[in-house]
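Accompanying notes for the structure given below.
The values are calculated or read from the model by the stated rules, or taken from the named source; none is laboratory data. Keep in mind that this is a model prediction, so the values were computed, not measured. Glycine gets a Cβ as well: all are built from the backbone with ideal geometry, and neighbour counts include every protein chain shown. Each accessible area value is taken on the protein alone, full model and side chains, heavy atoms only, with ligands, DNA and RNA left out. Shrake-Rupley method; radii C 1.70, N 1.55, O 1.52, S 1.80 Å.
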Amino acid sequence: MTDPRPTSSADARSSRHGADAERTPRRRSVTRTPEDTLPGSRRVLLLVDFINPLSFDGAEDLAPGALEAARAAAAFKKRFCADGSRAIYVNDNFGQWRSDFRTLLSECRRQGGPAAQLARRLSPAKEDLMVLKPRHSGFHATPLELLLQTLGARELIVTGLSTDFCVMCTAMDAYVRGYKVWIPEDCTAAESPKRKHEALSWMREALKARISPAAD
C-alpha cells in the first residue's frame, strides 16, 4: 500500500503551496472604459464664480456686467470646446460646505433674478469639470493644479467674476506655476469699469497675460 504522506520536506511545501493556490482567488483584470479616462487638453478654459448667488455687498453693481460677461463666455465656451478642449468651473462654495457644485447650481436657479440668469446662461455640459474653492484663487487648497497636470494643460483661459478679485488671484497663481494666461476681457466683469480696466492692465503688465476679446 502506498503511503499518501509527502516523502520529503520539498514535497510537503509543494503540497501546501498547491493548496494555497486553490484557496486564493485569482485577481480579475480590470478593463477601463472610455468613461474612466480623462482626455488631455493643452488649453483649458476656467470659468470662475459664474455660478453665483450674488448675495454680497456690491453684487447689484456687479450683476449687469456679470450677465454680459456670461453671455460672451457662453458663446466662447461653445466654440472653444467644439474641438475637445476642456472647460473647468472653478467656484466658491459660498460657505456651504455641506453642498456640492450641482446643489449650488440648483440653488442659484431657484433664487431667481441675476443669479438664475447666470446659472441658465452657463449651465455646465456633461463633459465639463468642476472644482470648489474656499478662497479667492482657484488654486488655493483645491485639486485644480493636479487636474490641470492630468490634462497636460499649458495655457489657461481665465474668465469669470470678478476681474479684480477671484479672476486676478487665479490668473496670478496660474502665472507663477508657468502657465500661459489669456484673459478674454469681454468674458469677465467687476463692480465698475474702472476696477475692471485697472485689473486687466495689471495682469497684462505683471503676468504678461494676453488681454483681448474672446473673438480675437
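With a Förster radius of 41 Å applied to the beta-carbon distance between SER106 and GLU205, the computed FRET efficiency rounds to 0.55. For GLY160, the residues whose amide H sits under 5 Å from its own are VAL48, THR188, ALA189, ignoring neighbours fewer than 5 places away on the same chain, with H placed 1.01 Å from N.
Our coupling estimate for region 102-110, obtained by passing each phi through the Karplus curve with A = 6.51, B = -1.76, C = 1.60 and θ = phi - 60°, is 5, 5, 4, 4, 5, 4, 5, 5, 6 Hz, Gly and Pro reported as x. Computed from backbone phi, the HN-Hα couplings of region 130-142 come to 9, 9, 9, 10, x, 9, 5, 7, x, 8, 5, 6, 9 Hz, rounded to whole numbers (Karplus: 6.51 cos²θ - 1.76 cosθ + 1.60, θ = phi - 60°; Gly and Pro given as x). Computed over region 124-216, the alpha-carbon pair-distance distribution with 5 angstrom bins reads 3, 14, 25, 25, 20, 10, 3, 0, each value a whole percent.
How much accessible area per residue does region 115-192 have, in Å², with a 1.4 Å probe?
In whole numbers, region 115-192 has 40 Å² accessible per residue.
For SER201, SER55, SER212, the ranking by accessible surface with the largest value first comes to SER55, SER201, SER212, using a 1.4 Å probe. Ranked by the mean number of other Cβ atoms within 10 Å of their residues, highest first, the peptides 147-158, 75-86 come out as 147-158, 75-86. Straight-distance candidates among the lysines for linking to LYS126, with alpha-carbon spacing under 23 Å and chain neighbours fewer than 8 residues away dropped: LYS77, LYS78. The packing ranking, built from the mean of other Cβ atoms within 10 Å per residue, places the peptides 134-143, 64-73 in the order 64-73, 134-143, highest first.
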